[in-house]
Amino acid sequence: MIVFLNGAFGVGKTTVAERLAERIPNSLLFDAEEVGYFLRKVVAPVEQPDDFQHLPMWRTLTIDTARWLSERYGRTLIMPMTIWRAAYFEEVISGLRAFEPALHHFCLTATEQTLVERLRGRGDRPEVLAWCLEQARHCLAAFTAPAFAEHLATDGKTPDALVEMILSRLE
C-alpha cells in the first residue's frame, strides 16, 4: 500500500506522515523531496531549474525508488510530497499505481491565511519563504481540481486528528 500525502508547503504533510509511520505497522517514510535534493546537486553543473520537479529524471527516480522500496521491503510506503502541476502529478501517481494499485492519495488543504502563518513561523530564509509562498498560491488554485481529491482540511485540526481521519479511510 502507498499513502501519498499531497498539499501545499506548510500544510503539515511531513508531521502527519511521521505520525502515520508511527501508527501504521511495517511502514516506511519515503520523502521524494530527498530524491530532488540529491538530483539537483548532481545536475547543478549542467542544469539549474527553479524546481527539481521540472527534471523528468526526478519523476522517474521517485517512481522507481518507491517501486524498489516496495518490492525490497514489502512495507506500506508513506509519501509526503507537494505536487500541484497536474501533468507531473498524473505521471507520478500513474507510475506508482502501475506497481501498487492500493494507492491512497490525500490532499491536505488549508486556507491561504493559515498557510502564510505556518510558513512565516518556520523561520526559513527570506528567499525560501518567498518561493514557498508563491508555491502555496499555485497549490491553492490547483488543488481545487477533482484529480487532487480526497481533500482533508487541516485548519484547526491537530496532526493526530488528521492521522485518525486518514486511518479511518484506509480501513
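The values are calculated or read from the model by the stated rules, or taken from the named source; none is laboratory data. No experiment lies behind these values; they were computed from the predicted model shown. Positions of Cβ are backbone-derived with ideal geometry, glycine not excepted, and every protein chain shown enters the neighbour counts.
A few notes on this one:
- When Tyr73, Tyr88 are checked against the criterion of being touching a residue at least 12 places away in the same chain (Cβ under 8 Å), surrounded by fewer than 16 Cβ atoms within 10 Å (Cβ to Cβ) and out of contact with any Gly (no Cβ under 9 Å at 6 or more places or on another chain), a single residue qualifies: Tyr73.
- Subset of segment 22-33 [under 12 Å from Leu5 (Cα atoms) and either hydrophobic (A, V, I, L, M, F, W, C) or not in a loop (DSSP other than H, G, I, E, B) (or both)]: Leu29, Phe30, Ala32
- Screening segment 19-70 for residues that are out of contact with any helix residue (DSSP H, G or I) (no Cβ under 7 Å at 6 or more places or on another chain) and of a type in the set (Val, Ile, Thr) and picking the one that is surrounded by the fewest Cβ atoms within 10 Å (Cβ to Cβ) gives Val46.
- When the residues of segment 101-133 are filtered to those that are surrounded by fewer than 18 Cβ atoms within 10 Å (Cβ to Cβ) and modelled with pLDDT of 95 or more, the one that is nearest to Arg75 (Cα to Cα) is Ala102.
- Close Cβ contacts (under 6 Å, 6 or more residues apart or on different chains) running from residues in segment 127-147 that are in a loop (DSSP other than H, G, I, E, B) to residues that are surrounded by 13 or more Cβ atoms within 10 Å (Cβ to Cβ) comprise Phe143/Cys107.
- Residue among Ala102, Ala86 that alone is of a type in the set (Gly, Ala, Ser) and out of contact with any helix residue (DSSP H, G or I) (no Cβ under 9 Å at 6 or more places or on another chain): Ala102
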